[in-house]
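Chemist: First, the structure itself, so that you have it in front of you.
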Amino acid sequence: MILKTLMRWGAVAAVLAFVIVAGKADPVGAQTFDPQLTITLADPTPEVPSVLTNDFDLAEGDLQFGGIVSFIPLDWGIVPGDKIPIGASMGNLFSDATLGLINSACNQVLPVNFDMMNASLDRGNTVSMDDTDDSLTEDFAEDNDGNGNLDFVDRYPDFIDRIVDVQPIRRAAGMTIVAGTPVLLQFLIFEPGTLIFENEVANDIISTDYELGYPTLTLLQAAGDPDIVPEPGIITDFCTPLLTENNTFGETADGDQVMVNPQNGTYTFTTIAVGQRDSDGDGYENTLDTCVLTPNIGNPRVTMDGDLDGDGLDAACDPNDDPAAQGTDSDEDADGYPNRQDNCPLHPNGEREDNQADEDEDQIGDACDPDPLVENGELTLVRLEKVITIGDGTGPGGPPSAEACPDCFVLGGENGSSSGDDDGGSNSGVIIGIIVAVIAAIAIIGGGSVMMMRRREGA
């Protein structure tokens with residue numbers, strides 16, 4: 001099925017029944033969504049550079065994640081991007097993602113690595129994600145000025161403002177090659193209290209209270225850009241297990257500060273992750289399930305399990321699962337999307353029709369959705385909290401001093417940042433899991449849904 005790895009906030013607004021727990025989600029039927037989070041700080045000494053490692057894992061059989069809400073705690077020392085040299089190394093991400101390729105079972109593991117660099121914040125100097133100069137390389141992946149930095153580092157990708165028209169205070173960006181295609185990953189950090197999303201219900205869920213800290217946004221390719229459309233691709237599924245490790249450096253190789261520990265105290269890091277919808281309750285998310293309204297007979301992670309003819313359609317809804325009777329058809333509805341990448345595998349909705357339109361964003365195409373305006377299956381919200389101790393944990397807490405981090409963002413200060421007020425050293429901000437959303441970058445190549453790599457209208 002088509003992958004929509006990151007929820008758009010319109011979909012969040014429609015959720016009427018979240019399951020909220022600390023550390024684990026209660027299963028609904030056969031469904032489980034039990035992400036595991038580990039956060040490690042290399043040196044807990046107050047007011048020294050923060051070297052953080054975040055591990056986010058989903059076990060085999062868990063629902064895949066659908067989105068992440070994240071904030072960096074208010075008292076953490078964040079150095080704005082304009083205080084760090086463009087192109088400086090900011091961290092890296094390593095991951096093992098499980099994929100289905102070319103309509104096959106979702107059981108192929110692909111390692112993906114990103115090296116993250118400090119990138120331009122100049123929204124007046126943009127670069128396209130398309131190949132506008134017909135060089136056979138997308139503009140963002142070129143180095144037109146020959147300075148050694150690819151253009152996504154030196155220039156601001158133009159699609160960002162079409163998704164969130166707000167000035168970030170820092171942007172880290174990295175690129176890797178997947179199946180011969182350059183894939184861009186970006187982490188954007190915004191000033192505390194920033195209203196990122198205009199949807200009122202979404203902002204009720206994602207508080208804009210500056211005390212939560214710095215809102216962070218993860219962008220994969222141009223996912224979410226309204227100016228692009230779906231197209232078929234070779235990656236047809238993205239499922240669990242999923243293993244990720246994200247390393248954030250405290251300073252660059254030249255000693256420029258990136259992040260600095262706050263003062264002596266305890267700080268609660270919270271990751272909020274959303275599990276994808278499973279409309280028929282069979283334990284397989286809609287993006288993985290080719291029979292989304294009928295419980296599967298087989299396991300889509302196991303080759304030809306419940307799929308005798310091996311065409312990607314489970315026997316629960318395959319009109320003809322007998323290979324001896326010419327049942328094998330990798331594109332049952334002949335719309336150009338293979339069965340396991342098609343959000344309506346039995347109803348034509350390819351590029352000649354509505355091209356995978358999904359008004360309610362439940363990963364079931366409008367062409368086969370019983371009610372295209374009402375989501376099928378519930379999202380599951382899981383809140384994971386980890387306590388990090390700085391020093392011996394007995395202090396009052398608070399941001400690093402100006403002496404320890406002269407360039408740190410200070411609300412209300414000269415660089416636009418913090419007042420220095422603290423809340424007794426027990427800051428409960430919602431932090432990242434930038435590590436999580438990143439893995440979806442490999443699946444963007446697969447194409448079909450609005451959250452994957454797509455062509456522009458008219459391209």
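Chemist: With θ set to phi - 60° and the Karplus curve 6.51 cos²θ - 1.76 cosθ + 1.60, what are the ³J(HN,Hα) couplings of the range 327-344 in order, to the nearest whole Hz, using x for Gly and Pro?
Modeler: Listing the rounded values in order: x, 6, 8, 5, 9, 4, 9, 6, 9, x, 9, x, 3, 7, 10, 9, 7, 9 Hz.
Chemist: What's the exposure ranking of S128, S279, going from fewest to most Cβ atoms within 10 Å?
Modeler: Ranked by crowding around the Cβ, least crowded first: S128, S279.
Chemist: So the label point goes 7 Å from the Cα of D256 along Cα→C-beta, right? Which residues of the range 153-173 then have their backbone N under 19 Å from it?
Modeler: Output list for this probe position: 153-157, 168-173.
Chemist: Compute the relative contact order of the range 266-351 as a whole-number percentage, counting only Cα pairs closer than 8 Å that sit 6 or more residues apart in sequence.
Modeler: Normalised by residue count, the contact order of the range 266-351 is 18 percent.
Chemist: Over its Cα atoms, what ratio of radius of gyration to 2.2 N^0.38 Å does the range 230-361 give?
Modeler: 1.52
Chemist: Residue by residue through the range 250-263, what is 3J(HN,Hα) from phi via Karplus (6.51 cos²θ - 1.76 cosθ + 1.60, θ = phi - 60°)? Round to whole Hz and write x for glycine and proline.
Modeler: Once θ is set to phi - 60°, the couplings for the range 250-263 become x, 7, 7, 4, 8, x, 6, 5, 10, 9, 10, 4, x, 7 Hz.
Chemist: Moving on to the next point. Exposure proxy check: T270, T294 ranked by fewest other beta carbons within 10 Å?
Modeler: The fewest-first ordering by Cβ neighbours comes to T294, T270.
Chemist: May I ask you to evaluate 6.51 cos²θ - 1.76 cosθ + 1.60, the Karplus curve with θ = phi - 60°, for each residue of the range 353-370 and list the ³J(HN,Hα) values in order in whole Hz, giving x for glycine and proline?
Modeler: 9, 8, 6, 6, 3, 8, 4, 8, 6, 9, 6, 10, x, 4, 5, 10, 7, x
Chemist: Can you list residues from other chains, or at least 5 along the same chain, whose modelled amide H is less than 5 Å from the amide H of I235?
Modeler: I102, G446
Chemist: Give me R301, R170 sorted ascending by neighbouring Cβ count inside 10 Å, so fewest comes first.
Modeler: Numbers: R301 19, R170 24.
Listing R301, R170 from fewest to most nearby Cβ atoms yields R301, R170.
Chemist: Then there's this: Distance in nm between label sites at T294 and N144, each 7 Å beyond Cα in the beta-carbon direction?
Modeler: 5.2
We did not get these values from a lab; they are worked out from the coordinates using the rules stated. What you see is a predicted model; the values in this text were computed from it and never measured. Neighbour counts run over all protein chains shown; Cβ positions are idealised from the backbone, glycine included.
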